[in-house]
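Worksheet for the structure shown next.
The values are calculated or read from the model by the stated rules, or taken from the named source; none is laboratory data. Given the structure is predicted, the values throughout are model-derived calculations rather than measurements. Backbone-built Cβ (ideal geometry, glycine too); neighbour counts: all protein chains shown. These accessible areas exclude ligands, DNA and RNA; they are computed on the full protein's heavy atoms, side chains included. Shrake-Rupley method; radii C 1.70, N 1.55, O 1.52, S 1.80 Å.
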Amino acid sequence: YIDLGETGYGHTINCARGLLFLHTAGSSDGCRVYDISENPTKPKFLFDTGGTGGCHDSMVQTGVDVGGETKDLWIISEGFGRRDNIRDITLVNPKTKSKPPLIGRTPTMAGIYSHSSDLYKNRYLFQTDENNLHDISVYDIKTLQSPMLISKFQHSEHNSFDTYTHNGFVLGHYYLNAYYQAGLRVFDISNPYYVQEVGKIETHRDPDGDGKYEKIKKPLFEGAWNLHVGLPSGNILVNDMFKGLFIVKASAPYDPPESPVVSAERGGNGDVNLSWNSGSNIRGYSVDRSFDDVTYTRIAEHLIGTSFLDSDARGKSAFYRIIAVNGEGEGVSDSVYSKFVTG
């Protein structure tokens, strides 16, 4: 045990890239960052973020493509700042003394408490709100300078059983959340515009799993508090504040989608009308197009209908593929050819 004398700064911690991040959850120092690459037992203070928004939590994602450059992103949940800040820590090293540049932030959302976040596909930011207004918001950060809110969601029983949300993590194409009194909740996020709950463990209302639910009178900060995902065993650790540690293993809620069967018809103006059959447990569809049946480009994604109109292939013959998605994978159609005929 070594007392480093750094008190009042450690609500939670995070380590990445040889750096230690202390989250103060309210201090005017914001996040405090230390180098531990040279001597982990003697962290060297580098800088803090300052500001009045606080630093409730943060996460680091390395190797993100930003305009053709590979960047390491540091995403800070500001608590009562009611937003997330995104900083570029690619060049941070043991000699860094100033906070890294701010390259983006989520819009300030009135009334929320920006608790913590995680990234899906290095593009979709899942932000939890511990003030129980919106619970979980999803931002598309493809354009880092201006993250775009694309959806909000809550657990499936929210209308009859209101509760706070807490820590959430992405695992594959799923998002797992320690949802306080609602226990562990699992969501299929393969289409982040239309998130679907697919599983749960009632750690708080029914810890014995006997189907006898404890009655919840009002939302309280009790129940499932945190998770650990990504263990080699596939096990997921859930700690409930009053009911203890739960070790669970997720099973697939359904099979991957079957491959769609696609048809393509030309309109009189040269537009291509694509249509395909629906299937079970499909969360969304994407459309890929090629002009040589070799190199395909995605021209639409996150569709929930079974048709698409392509107005950009007028005067050209084209090939198309439809991709159906869910949390377990993809179903890719055979390519379909639409020939452009003159006259």
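Residue count for segment 110-126 under the criterion of being more than 25 Å from Glu301 (Cβ to Cβ) and open to solvent by 20 Å² or more (accessible area, probe 1.4 Å): the result is 3. Scanning segment 64-83 for residues that are out of contact with any Cys (no Cβ under 8 Å at 6 or more places or on another chain) and open to solvent by less than 40 Å² (accessible area, probe 1.4 Å) yields Val64, Val66, Asp72, Leu73, Trp74, Ile75, Gly81. For segment 30-50, the set of residues classified as surrounded by fewer than 17 Cβ atoms within 10 Å (Cβ to Cβ), at pLDDT below 95 and either under 16 Å from His11 (Cβ atoms) or among the β-branched types (Val, Ile, Thr) (or both) consists of Thr41 only.
Given the condition of a type in the set (A, V, I, L, M, F, W, C) and open to solvent by 60 Å² or more (accessible area, probe 1.4 Å), answer yes or no: does some residue in segment 314-331 qualify? Within segment 314-331, not a single residue is of a type in the set (A, V, I, L, M, F, W, C) and open to solvent by 60 Å² or more (accessible area, probe 1.4 Å). Listed by first and then second residue, the pairs linking a residue in segment 278-306 that is over 19 Å from Pro256 (Cβ atoms) to a residue that is open to solvent by 30 Å² or more (accessible area, probe 1.4 Å) and acidic (Asp, Glu), with Cβ atoms under 9 Å apart and 6 or more places separating them unless they lie on different chains, are Arg289/Asp312; Ile299/Asp312. Condition test on Thr106, is it among the β-branched types (Val, Ile, Thr), open to solvent by less than 30 Å² (accessible area, probe 1.4 Å), within 18 Å of the chain's Cα centre (by Cα) and at pLDDT 95 or above? For Thr106, the condition - among the β-branched types (Val, Ile, Thr), open to solvent by less than 30 Å² (accessible area, probe 1.4 Å), within 18 Å of the chain's Cα centre (by Cα) and at pLDDT 95 or above - is met. Among the conditions (1) in contact (Cβ under 8 Å) with a residue 60 or more places away in the chain; (2) over 30 Å from Val170 (Cα atoms), the only one that Asn269 does not satisfy is (1).
Restricting to segment 24-80, count the residues that are aliphatic (A, V, I, L, M), in contact with a Leu (Cβ under 8 Å, 6 or more places away or on another chain) and not in a strand (DSSP E or B). Counting residues in segment 24-80 that are aliphatic (A, V, I, L, M), in contact with a Leu (Cβ under 8 Å, 6 or more places away or on another chain) and not in a strand (DSSP E or B) gives 1. Every listed requirement among (1) touching a residue at least 40 places away in the same chain (Cβ under 8 Å); (2) crowded, with 21+ Cβ neighbours inside 10 Å; (3) among the polar types (S, T, N, Q) is met by Thr24 save one, (1). Scoring Ile201 on the criteria (1) touching a residue at least 24 places away in the same chain (Cβ under 8 Å); (2) open to solvent by less than 40 Å² (accessible area, probe 1.4 Å) leaves a single failure, condition (2). Among the conditions (1) closer than 26 Å to Glu328 by Cα; (2) loosely packed, with under 12 Cβ neighbours inside 10 Å, Asn281 misses just one, which is (2).
Conditions (1) among the basic types (Lys, Arg); (2) within 25 Å of Gly234 (Cβ to Cβ); (3) open to solvent by 10 Å² or more (accessible area, probe 1.4 Å); (4) part of a strand (DSSP E or B), marked per residue:
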site: Thr128; (1), (2), (3), (4): no, yes, no, yes
site: Ser137; (1), (2), (3), (4): no, no, no, yes
site: Thr143; (1), (2), (3), (4): no, no, yes, no
site: Ser146; (1), (2), (3), (4): no, no, yes, no
site: Glu157; (1), (2), (3), (4): no, no, yes, no
site: Ser160; (1), (2), (3), (4): no, no, yes, no
site: Thr163; (1), (2), (3), (4): no, no, no, no
site: His166; (1), (2), (3), (4): no, yes, no, no
site: Asn177; (1), (2), (3), (4): no, yes, no, yes
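Among the residues of segment 4-19, which ones are aliphatic (A, V, I, L, M) and open to solvent by 30 Å² or more (accessible area, probe 1.4 Å)? Across segment 4-19, the qualifying residues are Leu4, Ile13.
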